[in-house]
Every structure is written in C-alpha cells, then in structure tokens.
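Report on the following structure.
The values are calculated or read from the model by the stated rules, or taken from the named source; none is laboratory data. Keep in mind that this is a model prediction, so the values were computed, not measured. Cβ coordinates were reconstructed from backbone atoms using ideal geometry, including for glycine residues, and neighbour counts include every protein chain displayed. Note: areas computed on protein heavy atoms with side chains; ligands, DNA, RNA excluded. Shrake-Rupley method; radii C 1.70, N 1.55, O 1.52, S 1.80 Å.
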Amino acid sequence: MQFTEIVHQAFETLNQARDNALVQARQLTRLSANTIRAIHRSENDAAHQNLAEAGKIAADLKKSLVKFPQLFFAGYTQDALKEYVEATLTCAIIENQRLPKPEVLDVEINTYLNGLAEVTGELRRRTLDILRQGYSPEAERLLGWMDEIYNLLVTVDYPDALTNGLRRQTDLVRGIVERTRGDLTLSLREERLQQALEQALKRLPD
C-alpha cells in the first residue's frame, strides 16, 4: 500500500469515528437534559429511564473511542459526558441519595467536577420552585449541598489546562450560592413574620 493510501485510510477511519462520536454526544446531551427535566417535574421513573439509557451511550462512546484519544478528549465529547454527570448528580441529590464517584461513572475527574459545578444551577432552580410554596427545610438541605459543592470546588486551585476551565465555573457557583442563600433568608423571614402576625391575631379580642 502506498503512503498516500495509508494517509487517506487513516483519516477516513478517524473521520468515521468522529462522525459516530458526534451522534452519540448529541444523544447523550439530549437524554441528560430530558433526565433533568423529568426529575424537576417529579417524574422519577422517566428520569431514571433516561439516565439508564444515557449511561449506556456514555459507556459505548468511551469504548468506541479507545483507539482515538484525540476524539475522546475533544470538547464535544467531554461536554456531553459533563452533561451526563450533571444529570446523574442532580438526580442523586434531589432524591437524597449518595453521589456516585467519578470512577463509578467512568469519567475524568475534571469532567466530573465541571458537571458537579453545573449541578448548583439545577439545585437553585429546585430551591426556587420550593420557595414559591413557602419556606421549607428541603430548601435548606439543597442549599447545604450547594455549599458543600462550592467548598470542594474552591480547593481545586490548578491551571485551567488541567481542570478544563473549572476556576470560572467555581466563580459562577459562588454567585449562585450567594443568591440562593439570600432568597432562602428572605423566605424564612417572611415565614416568621407570617407566623408572628397569625399569633398576634389570635390574641386579639373577638
């Protein structure tokens, strides 16, 4: 085989692997988004069904790219896996389950941490949904998780080339946590004020 043919064959193989990875990455992103949407709607069975399918695609994606590390570590591949991590951890926290570790999800540690960072946005959304009905200890629990996530991320002080931009994500997480704490504090004050007014009204003569 001539060298020219070898070159073209190599790139044809690489291009085919890339096309397949793009399809899988899009599927993984869509299923992860559907998982999060379902868990916010308390459609837990649908969430787990989507998550199980996403897990299979994530495993297939990694397996298909074993010979193509340049594609596995490409932005679109790791972004899709990050979305899968986010969906998995969001479900675990909302359902009050233990968080699966990176080795269980079979993802890189920087991908795991970036997915974990994005979980705080989903927890804020969940918290605000709860607070619309009034103060709840569940909102406090979710804020506690947000604090734990930030406290972990802020310790990972390494170059962005290693963490894939985690520092910027950590700054965003800090803002999300602070805003959520403010919302929760305001809701708690309103709840206490309402209780005080109700107690005062009960003491008034008929």
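Summary of values
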| read-out | value |
| --- | --- |
| Test: residue in the stretch 66-81 that is in contact with a Ser or Thr (Cβ under 7 Å, 6 or more places away or on another chain) and either within 18 Å of Gly182 (Cβ to Cβ) or open to solvent by 50 Å² or more (accessible area, probe 1.4 Å) (or both) | no |
| Residue check, Ile93 touching a Leu at 6+ places or on another chain (Cβ under 7 Å), surrounded by 15 or more Cβ atoms within 10 Å (Cβ to Cβ) and farther than 25 Å from Leu22 by Cβ | yes |
| Candidate set: the stretch 40-65, residues that are over 17 Å from Pro102 (Cβ atoms) and out of contact with any helix residue (DSSP H, G or I) (no Cβ under 8 Å at 6 or more places or on another chain); chosen: the one least open to solvent (accessible area, probe 1.4 Å) | Ala52 |
| Condition met for Arg37 (buried (at least 16 other Cβ atoms within 10 Å of the Cβ), of a type in the set (D, E, K, R) and over 22 Å from Leu113 (Cβ atoms)) | no |
